[in-house]
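Since every read-out is calculated from the coordinates, none of them should be taken as a lab result. As the structure is a prediction and not an experimental result, all values here were calculated from the model. Here Cβ is always computed from backbone atoms with ideal geometry, including for glycine, and neighbour counts include all displayed protein chains.
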Amino acid sequence: MHGLEVEVAGIMLKNPTMLASGIMGLSAASLRRAVRGGAGAVVAKSCSSQPREGNPNPTVIEVPPRGLLNSVGLANPGCRELAEELRKLGGEVPVIASVYGFSPEEYAENAVLMQQAGVDGVELNLSCPNVEGTVFGYREELAQEVVSEVKRRVKLPVFAKLTADAGDVVSVAKACEEAGADGITAINTLRAMSIDLTARQPVLGNRVGGLSGACLKPVALRCVYEIAEEVRIPVIGCGGISTGRDAVEFFLAGARAVQIGTAVLYRGLNVFRKVAQEIAEYLEERGYSSVGDITGMAHR
Ligand code: SIN
């Protein structure tokens, strides 16, 4: 398709759509389905040193229009088992592992395991709202410690996934860049809740969860725009992207690529192909030859 190839921190993507972490990312089979749906890269579910069951049910509810509230709690089979799954992927598209931990050392150990599994990059989940003790992205110095330790131990491109729940996400992004991050993913879900009127109690088992989907887009876009003004490393947009027009807004704000998660539910697994096609149409109609031509244009 027309001018869709992008490079992000040395990783070549045939188109700028990526599967976001947390959606279908626990097995080679489900990641392959996103690849068949046209994703230019896939990000696996965040994994930890030890298997983790996650939070009590209910953990996912729909929030109209086109949104989800989840309190999954980073449920995963552990990095070793997930690494075996990622090994099975045949290099059809770049594979990014997502890791988290309760200390910088644990992040780094998990990143090393993923490097050994042959992934193309590592995303550091510094921003999950559902597990206490893992949100290193709330503060510059904590985020910096994690990024430095991981960079010391792995050779792969390292992306820091941040949250707008941090007091100043732009400063956190700058701190990550200073610590050696190769890219920023902005943003994770936002802390939110829903209350059941009959039970008069929070709906989620964990009471509070993370909001994703359409309503997140303006916040994510603002974060990408502001971060892109301040850092030189690539920014990957994430939050409420479900159409090519959404993606184009993120490119204009300065994103090099976009991640899609919740929209898989509403537009199906082919959402990646559809969004890529819609981006190509936008470029062609306006006479641009590549995504790079419009990246950051809203800043000029
Ligand atoms: C979760 O597993 O709780 C969601 C992951 C995240 O938001 O980072």
Selection of trypsin sites (Lys or Arg not before Pro), the range 1-88, meeting DSSP coil and at most 16 other Cβ within 10 Å: 88
Relative contact order (%) - the chain, alpha-carbon pairs under 8 angstrom, separation at least six: 21
Cysteines without a disulfide-compatible neighbour (Cβ-Cβ under 4.7 Å), the chain: 128, 176, 215, 223, 238
Vicinal HN-Hα couplings computed from phi for the range 176-185 (Karplus, 6.51 cos²θ - 1.76 cosθ + 1.60; Hz; Gly/Pro x): 5, 4, 4, 7, x, 4, 9, x, 10, 9
Where labels lie 7 Å past Cα in the beta-carbon direction, separation of residue 153 and residue 196 in nm: 4.1
Length gained when the stretch residue 5-residue 62 is fully extended (0.36 nm per residue, less Cα-Cα span): 17.2 nm
Per-pair calculated FRET efficiency, R0 = 45 Å: residue 141 and residue 53 via Cβ, rounded to 0.05: 0.90
Selected from 82, 40, 67, residue furthest toward positive end of dipole (the range 39-90; charges at beta carbon): 40
Label-point separation, residue 29 to residue 80 (7 Å along Cα→Cβ), nm: 2.3
Computed E for residue 298/residue 12 - FRET, C-beta separation, R0 25 angstrom, nearest 0.05: 0.50
Antiparallel DSSP beta bridges within the chain, percent to nearest 5: 40
Nearest-0.05 FRET efficiency for residue 92 and residue 289, computed from C-beta distance (R0 25 Å): 0.45
Dipole in debye (nearest 20) - the chain, about Cα centre, beta carbon charges: Lys, Arg +1; Asp, Glu -1: 700
